[in-house]
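Engineer: Got a structure for you, written out below as structure tokens; questions coming shortly.
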Amino acid sequence: MYEWGRRRIKYESELDPAFCQTLIEKTGNDSIRNCIQCGTCSSTCPVSLYMDFTPRRLVAMAREGFHDEVLHSFTPWICASCYSCTVECPKEVKITETMYAIKQMAMDKGVHPARFPVPVLAREFYHQVKANGRTNEGRLITQLFLKTNPFKLIKQSKIGMKLFFSGRLDVIPQKIKNITQLRTLLKAVNGNGGGRAHS
Amino acid sequence: MTYLYYPGCSLKGTGKAYDESLLAVMKKLGVEQQEIDDWNCCGATAYMAVDQDRAYALASRNLALAEAQGRPNGKPVEVLTPCNACYLVLLKAQKRLEEDALGKRKLAGALESAGLNYEGKVSVRHPLDIFVNELGLDALKEKTVNPLNGLKVACYYGCQIVRPYSTFDDQYDPVAMDQVLEAMGAETLKWPLKTRCCGGSMTGTIPEVGMRLSFIILKEAKKRGADVIATACPLCQFNLECYQNEMREEFGEAVDIPVVYFSQLMGKAMGLSDRELGMQRLFVPFAVPAASK
Amino acid sequence: MSNNGNGRTNGSPRIGVYICHCGINIAAKVDVERVTRFAETLPGVVVSKEYKFMCSDPGQELIQKDIREHDLNRIVVASCSPLMHEETFRKATANAGLNPFYFQMANIREHVSWVTKDKDLGTEKAKALVAGAVRRVSLHQALEKKRVDVHPDVLIVGGGIAGIHAALTIANSGRKVLLVEREPTIGGHMAMFDKTFPTLDCAACILTPKMSQVKDHPNITLWSYSEVTKVDGFAGNFTIQVTRKPRYVNEDECVGCMLCIDSCVYKQARVDDEFNQGLSKRKPIYIPFPQATPPVVVIDPETCMQLSKGKCKQLCAEACEKHAIDFNQKEEVIEVQAGAIILATGFKTFNPMRIPEYGYGRYLNVYTSLEVERLVNASGPTGGEVVLRDGSKPKSIAIIHCVGSRDHKTNKYCSRVCCMYSLKLAHLMKERSNAEVYNFYIDMRTPGKGYEEFYDKLLEEGTHFIRGRVAEVTDWALTDAEEGKMIVRVEDTLVGMPRRIPVDMVILSVGLEAQPDADDVRRLFGVSCSKQGWFTERHPKLAPVSTATDGVFLAGACQGPKDIPDTVAQAGAAAAEALAMIDKGFVELEPNTAFIDEEVCSGCKSCIPMCPYTAIKRDDEKKVAVINEALCKGCGTCVATCPSGAAQQNLFLDEQIYEEIEGVLNYV
């Protein structure tokens, strides 16, 4: 929001000229260079109305090296991966994949919005899979609220109870038999997002 | 053809009724299936946000397991994936293994060190694809004993079975589910929100946003006179069904409408019992209205 | 000529090699100096030089000076494509007293520098090509160009504004023109428009006088409802087959009184009217529009009772005082001659059904821009009143730009005219309906005389301009104001916020596409086209109306999207080019004809049926094949066919080709 006396200008020295290239390497394709800023992504996006920057603006900022703004933005965390933008884009920009890449970069650098539930859920999900090979929705949600907003847990408990009584909530997490194999596999991947997204 | 069934985590939890009804329907239709032994989580959208390469590795293990399990019968291996998110993640992993030489090398190496191997012989199919394109609508008509006459269904496809890839249906206006349910006597709605996002995991993370997305879909289906919404994804079904009370509180407008799996409606038309179809698990009870028989 | 005879008997070849930098076009990817030094070492090479621009006057003089000073008898220039400058260097060679065919060109620009990233690799490839050219030129022979008279008539294909303007220009110079149009009338798309941008003069008012001039001009023969079905020959002497479709009305008799239409057994018109884009109906017997040219009715055989069912009271024929109606009319195939051809086959508009998001065909009140042209036209289906398909009058109108343009899923290119015609439609809609008008654009493109001023005018008129490509036209309402309306979902990119704008009418500014049969047409006339189907000009800047086929010229949108001013300018240019060729009176042909080595020919006759120009006969006395040089077009088919190698082609002798290949391979 507007603050009295805060300057609204960007000096070239504040930009990261390599940022776009880093993002391109992370995404695995250079399609964001094709963007003509038409806004189709933002208008087809079902959640752009909740973003701090529309996807179009995020692409514009990423291309020009607005490193801090892009990595601190809520926009990628609001993205629900519905792929509408990717499908509708007239220039075939892989926007959803770009959002994934920004999320990974923000996580790697630890600059993702703190206590914001989406990255917390992502982390929790990651750990559950590593532990059991499968995820348990009940635990995911419980952990999520414990780590972000315990009050919401109480609010959500009604649904939880209903799920439990209709047999839709497993209390004991399922675990795969060959978890060692899975862990070996995950360990063997030279990972942490250095790879390339595809769509 | 015996399909290798990949239910995914949600079908063992909140989406149990999808699992139950789909298996019951397939059995009745004579579609043989076998669950992939010791399958793991596909990684979904959450994992992809943390670590892309490992996300692909997760999916690839399932493909490798399926191939190993299905190959001995000498036929091409087809993995049946009812969950939208699993469907897309497996497809994405497959594309990466097929089209990206570097990605393939990385994954193949990792699979090998875990004692796995994937040759790329698996095709990933959605049950709707099987019903329409393998079994055919005539076979479905034949098995219909209680046609869904007069029932107005809003078919809701969700995102990830049509986007970003359109493998078996029109991307903008998919029709497979409509065709299946129409073949079984139902009337389906022409409406523009068939593939609009339900909010995905956001109903959990940012409920104000997630619920609003689901609310828009429910409201529009109701406004257009739907008796029930049919879904093909466990998360869509959960979002659309389970938050209806909360939505009423949040938005001050009742949007009570049953939300079921398309396979549950198929089962009803085929004369299967409510138990077999997991109907008791619904938050908003649904029964085919008498008038529609 | 100081050096005569052929290469073999003319003593040893004294070759000059000239390597061009072409500025940095070649020099950036080819080490010209290294190639030049390499060429010096090749057998027969007397001098080898480099120069910044070989095609420049000093460059040419350099060659000529060397020919004289070093007594050169063969010249090789390594530079651009022969299409660009072969003629230049042949002339330079001839001006120094050598036969121009003692020259060979190596293409190290299009074939090397423009397609090579690595300079070392580029240099190596250039050396190989130069080595090949040097070996080849040693075997070149002195040849003479052939002159052929030019037929003075011009064929123009397509009767839109491009074809009309070109026809009138040529006819006014005193030359004869045959104008062939496949529709029942000339006028093309322009005849459908209401007003024209940026001056807003009425399209019909400026077009129809030209249409009647075409009809009345003594030098123009107009064949409407006809198509060119075969083209033979070459520049200056084309033989063209035109198929005239039966219109079931005798064109010479019909006076366009339209009594026949009134008396048709169909009392109500019930066939979609093509000219009005299906917004109104016509009868099976009809005239496309009142000023149609020729003013002759036409019967559509698919819906006419007599022609489709063979049974009708034939009231139309009865009503015709001139007895012009003839149900027995048959298709006619006529052969004509022409010296030059102008293609002016136009464009088609993009079919927006291909973008289902925009709701065309799903929502009643979504229109294409072409439909709206008819809707606002005083002679259109509503008499110019803006009334929607559901009978209502719109209070708010969305105009969506770039529909089928700038989009990888449909057409990548900008259609160039849509911004301006959208502005025009915005003005007209506001004027006629007083509705709120919203323009949704990606970039506003108004380069042209008076165009930006027109944009200014629209801004002043209070039209909304929202910069953003529309994602969707839909009908799910979120607010009361949206109920019952179509909703345009867009990001207002200048504000940076998504918006939903409810409207009563949507106009899709559809882009321009090549005609669906552009590929057939280009084959027919031997011209090339781009991937999108637009006919390719010989050079994008310096030969914009010529094609790779001599004597065939382009005018208007068949070459690429363009507006009326540009189309007319191009039509004038095409007419001038055609006239220049005809008025010269002759064309020079490449001496690339085939000949038979009678010693080797076994008289097997294999070549005779293969020749597409029936230029080969068998001399039964000598028992050998004989090629009529006047008929031979140098296609080389007989050369490839001949089992004994007796058929040979000038400029492409087997030994020349082998020598060139060996030169390249030896180096590699």
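The values are calculated or read from the model by the stated rules, or taken from the named source; none is laboratory data. As the structure is a prediction and not an experimental result, all values here were calculated from the model. Here the Cβ is made from the backbone with ideal geometry for all residues, glycine too, and neighbour counts use every protein chain on show.
Residues checked against (1) surrounded by 14 or more Cβ atoms within 10 Å (Cβ to Cβ); (2) out of contact with any strand residue (DSSP E or B) (no Cβ under 6 Å at 6 or more places or on another chain); (3) of a type in the set (Val, Ile, Thr):
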site: C:PRO612; (1), (2), (3): no, yes, no
site: C:ASP619; (1), (2), (3): no, no, no
site: C:ALA625; (1), (2), (3): yes, no, no
site: C:CYS632; (1), (2), (3): yes, no, no
site: C:VAL639; (1), (2), (3): yes, no, yes
site: C:GLY645; (1), (2), (3): no, yes, no
site: C:TYR658; (1), (2), (3): no, yes, no
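Engineer: May I ask you to verify whether A:GLY138 is closer than 26 Å to B:GLN244 by Cβ and either in contact with a His (Cβ under 8 Å, 6 or more places away or on another chain) or not assigned by TED's automatic domain parsing to the domain that holds A:SER81 (or both)? Steps first, please.
Structural biologist: Details: closer than 26 Å to B:GLN244 by Cβ: yes; either in contact with a His (Cβ under 8 Å, 6 or more places away or on another chain) or not assigned by TED's automatic domain parsing to the domain that holds A:SER81 (or both): yes.
So A:GLY138 fits the description; yes.
Engineer: How many of the residues making up region B:100-133 are touching a Leu at 6+ places or on another chain (Cβ under 6 Å), more than 14 Å from chain A (Cβ to nearest Cβ) and among the aliphatic types (A, V, I, L, M)?
Structural biologist: 2
Engineer: Using the structure shown, decide if C:LYS117 is of a type outside the set (Phe, Trp, Tyr) and either assigned by TED's automatic domain parsing to the domain that holds C:LEU579 or closer than 17 Å to C:GLU50 by Cβ (or both). Spell out the reasoning first.
Structural biologist: Details: of a type outside the set (Phe, Trp, Tyr): yes; either assigned by TED's automatic domain parsing to the domain that holds C:LEU579 or closer than 17 Å to C:GLU50 by Cβ (or both): no.
No: the conditions fail for C:LYS117.
Engineer: Which residues, taken from region C:215-238, are within 20 Å of the chain's Cα centre (by Cα) and either part of a helix (DSSP H, G or I) or at positive phi (or both)?
Structural biologist: Across region C:215-238, the qualifying residues are C:GLY233, C:GLY236.
Engineer: To continue, here is another question. Quick one: which of C:VAL521, C:VAL510, C:VAL527 is in contact with a Leu (Cβ under 9 Å, 6 or more places away or on another chain) and modelled with pLDDT under 95? Walk me through it before giving the result.
Structural biologist: On the way: C:VAL521 fails: modelled with pLDDT under 95; C:VAL510 fails: modelled with pLDDT under 95.
Going through C:VAL521, C:VAL510, C:VAL527 in turn, just one is in contact with a Leu (Cβ under 9 Å, 6 or more places away or on another chain) and modelled with pLDDT under 95: C:VAL527.
Engineer: Let me ask another. Return a yes/no flag: does region C:392-399 have any residue that is under 15 Å from C:ASP504 (Cα atoms), among the hydrophobic types (A, V, I, L, M, F, W, C), surrounded by fewer than 21 Cβ atoms within 10 Å (Cβ to Cβ) and touching a strand residue (DSSP E or B) at 6+ places or on another chain (Cβ under 7 Å). Full working, then the answer.
Structural biologist: Kept after step one, since they are under 15 Å from C:ASP504 (Cα atoms), are these residues of region C:392-399: C:392-399.
Filter once more, keeping what is among the hydrophobic types (A, V, I, L, M, F, W, C): C:397-399.
Still in the list and also surrounded by fewer than 21 Cβ atoms within 10 Å (Cβ to Cβ): none.
No: zero hits.
Engineer: If C:VAL600 satisfies every condition in (1) of a type in the set (Val, Ile, Thr); (2) buried (at least 22 other Cβ atoms within 10 Å of the Cβ); (3) touching a Gly at 6+ places or on another chain (Cβ under 9 Å) but one, which is the exception?
Structural biologist: (2)
Engineer: Could you name every one of the helices (runs of 4 or more DSSP H) located completely within region A:1-120 that has at least 2 residues being farther than 19 Å from C:ARG489 by Cα?
Structural biologist: Values: elements: A:19-27, A:40-44, A:55-64, A:67-72, A:75-78, A:84-88, A:95-109.
Of the helices (runs of 4 or more DSSP H) lying wholly inside region A:1-120, those with at least 2 residues that are farther than 19 Å from C:ARG489 by Cα span A:19-27, A:55-64, A:67-72, A:75-78, A:95-109.
Engineer: Further, regarding this structure: In the list B:GLU182, B:GLU142, B:GLU187, which residue meets the criterion of being of a type in the set (Asp, Glu) and under 19 Å from the mean Cα position of the chain (by Cα)?
Structural biologist: Numbers: B:GLU142 fails: under 19 Å from the mean Cα position of the chain (by Cα); B:GLU187 fails: under 19 Å from the mean Cα position of the chain (by Cα).
Matching residue, one of B:GLU182, B:GLU142, B:GLU187: B:GLU182.
Engineer: Of the conditions (1) at pLDDT 95 or above; (2) within 13 Å of chain A (Cβ to nearest Cβ), B:GLN160 fails just one. Which one is it?
Structural biologist: (1)
Engineer: Of all residues in region B:236-292, count the ones that are in contact with a Pro (Cβ under 8 Å, 6 or more places away or on another chain), away from chain A (no Cβ under 14 Å) and either of a type in the set (A, V, I, L, M) or more than 19 Å from B:TYR157 (Cβ to Cβ) (or both).
Structural biologist: Of the residues in that region, 1 qualify.
Engineer: Another question, if that's okay. List the helices (runs of 4 or more DSSP H) that sit entirely inside region A:131-199 and contain at least 2 residues that are at pLDDT below 85, over 19 Å from the mean Cα position of the chain (by Cα) and surrounded by fewer than 14 Cβ atoms within 10 Å (Cβ to Cβ). Steps first, answer last, please.
Structural biologist: On the way: elements: A:137-148, A:150-165, A:179-188.
So the answer is A:150-165.
Engineer: Taking only region A:83-120 into account, find how many residues are over 27 Å from A:ILE36 (Cα atoms), surrounded by 24 or more Cβ atoms within 10 Å (Cβ to Cβ) and facing another protein chain (nearest Cβ under 7 Å).
Structural biologist: Looking only at region A:83-120, we keep the residues that are over 27 Å from A:ILE36 (Cα atoms), and these are A:107-120.
Checking the rest, the ones that are also surrounded by 24 or more Cβ atoms within 10 Å (Cβ to Cβ) come to A:112, A:118.
From what's left, facing another protein chain (nearest Cβ under 7 Å): A:118.
The number of residues fulfilling the criteria is 1.
Engineer: Filter region B:229-272 for residues that are farther than 15 Å from B:ILE216 by Cβ, more than 21 Å from the chain's Cα centre (by Cα), not in a helix (DSSP H, G or I) and not charged (D, E, K, R) and give the result.
Structural biologist: Result: B:GLY271, single match.
Engineer: Take the conditions in contact (Cβ under 8 Å) with a residue 12 or more places away in the chain and either buried (at least 18 other Cβ atoms within 10 Å of the Cβ) or in a helix (DSSP H, G or I) (or both) and apply them to C:GLN241. Does it pass? Before the answer, list the steps.
Structural biologist: Working: in contact (Cβ under 8 Å) with a residue 12 or more places away in the chain: yes; either buried (at least 18 other Cβ atoms within 10 Å of the Cβ) or in a helix (DSSP H, G or I) (or both): no.
Spelling it out, it is not the case that C:GLN241 is in contact (Cβ under 8 Å) with a residue 12 or more places away in the chain and either buried (at least 18 other Cβ atoms within 10 Å of the Cβ) or in a helix (DSSP H, G or I) (or both).
Engineer: So for region C:33-46 (the condition being surrounded by 18 or more Cβ atoms within 10 Å (Cβ to Cβ), touching a Ser or Thr at 6+ places or on another chain (Cβ under 7 Å) and outside any helix (DSSP H, G or I)), does at least one residue qualify?
Structural biologist: Checking region C:33-46: not a single residue is surrounded by 18 or more Cβ atoms within 10 Å (Cβ to Cβ), touching a Ser or Thr at 6+ places or on another chain (Cβ under 7 Å) and outside any helix (DSSP H, G or I).
Engineer: Could you list, in sequence order, all residues of region C:53-96 that are over 19 Å from C:VAL30 (Cα atoms), assigned to a loop (DSSP other than H, G, I, E, B) and in contact (Cβ under 8 Å) with a residue 12 or more places away in the chain?
Structural biologist: C:ASP71, C:LEU72, C:ASN73, C:ALA96
Engineer: Pairs only if they're at least six apart or on different chains, beta carbon under 8 angstrom, first in region B:25-46 and of a type in the set (Lys, Arg), second buried (at least 24 other Cβ atoms within 10 Å of the Cβ); list them, first residue then second.
Structural biologist: Close Cβ pairs (under 8 Å, with a partner that is buried (at least 24 other Cβ atoms within 10 Å of the Cβ)) amount to B:LYS28/B:GLY267.
Engineer: Could you list, in sequence order, the residues of region C:516-527 that are in contact with a Gly (Cβ under 9 Å, 6 or more places away or on another chain) and buried (at least 19 other Cβ atoms within 10 Å of the Cβ)?
Structural biologist: If the condition is that a residue be in contact with a Gly (Cβ under 9 Å, 6 or more places away or on another chain) and buried (at least 19 other Cβ atoms within 10 Å of the Cβ), then C:ALA518, C:ARG522 are the ones that fit.
Okay, residues lined up against (1) surrounded by fewer than 22 Cβ atoms within 10 Å (Cβ to Cβ); (2) farther than 25 Å from B:LYS16 by Cβ:
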site: B:ARG54; (1), (2): no, yes
site: B:ALA57; (1), (2): no, yes
site: B:ALA68; (1), (2): yes, yes
site: B:GLU78; (1), (2): yes, no
site: B:LYS92; (1), (2): no, yes
site: B:GLU99; (1), (2): yes, yes
site: B:GLY103; (1), (2): no, yes
site: B:GLY120; (1), (2): yes, yes
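Engineer: Can you confirm whether region B:170-180 contains a residue that is assigned to a helix (DSSP H, G or I), out of contact with any helix residue (DSSP H, G or I) (no Cβ under 7 Å at 6 or more places or on another chain) and buried (at least 22 other Cβ atoms within 10 Å of the Cβ)? Walk me through how you get there before you give the answer.
Structural biologist: First pass over region B:170-180, keeping only residues assigned to a helix (DSSP H, G or I): B:176-180.
Of the ones still in play, those that are also out of contact with any helix residue (DSSP H, G or I) (no Cβ under 7 Å at 6 or more places or on another chain) are B:178.
Filter again for buried (at least 22 other Cβ atoms within 10 Å of the Cβ), leaving B:178.
Within region B:170-180 (the criterion being assigned to a helix (DSSP H, G or I), out of contact with any helix residue (DSSP H, G or I) (no Cβ under 7 Å at 6 or more places or on another chain) and buried (at least 22 other Cβ atoms within 10 Å of the Cβ)), the answer is yes, since at least one residue qualifies.
Engineer: Take region B:117-137 and flag every residue that is within 14 Å of B:LEU90 (Cα to Cα), touching a Lys or Arg at 6+ places or on another chain (Cβ under 9 Å) and charged (D, E, K, R).
Structural biologist: B:LYS121
Engineer: Among the residues of region A:49-63, write down those that are surrounded by fewer than 23 Cβ atoms within 10 Å (Cβ to Cβ), farther than 12 Å from A:ILE32 by Cα and away from chain B (no Cβ under 14 Å). Don't jump to the end; show me each part of the working.
Structural biologist: So the first thing to find is which residues in region A:49-63 are surrounded by fewer than 23 Cβ atoms within 10 Å (Cβ to Cβ), and the list is A:49-53, A:60-61, A:63.
Still in the running and farther than 12 Å from A:ILE32 by Cα: A:49-53.
The one that is surrounded by fewer than 23 Cβ atoms within 10 Å (Cβ to Cβ), farther than 12 Å from A:ILE32 by Cα and away from chain B (no Cβ under 14 Å): A:PHE53.
Engineer: I would also like to ask the following. Within 30 Å of C:LYS531 (Cβ to Cβ), at pLDDT 95 or above, among the basic types (Lys, Arg) and surrounded by fewer than 17 Cβ atoms within 10 Å (Cβ to Cβ): does that describe C:LYS412?
Structural biologist: yes
Engineer: Could I ask something else about it? I'm told C:SER212 meets every condition in (1) under 31 Å from the mean Cα position of the chain (by Cα); (2) surrounded by 15 or more Cβ atoms within 10 Å (Cβ to Cβ); (3) under 30 Å from C:THR368 (Cβ atoms) except one. Can you identify the failing condition by its number?
Structural biologist: That leaves (2) as the condition not met.
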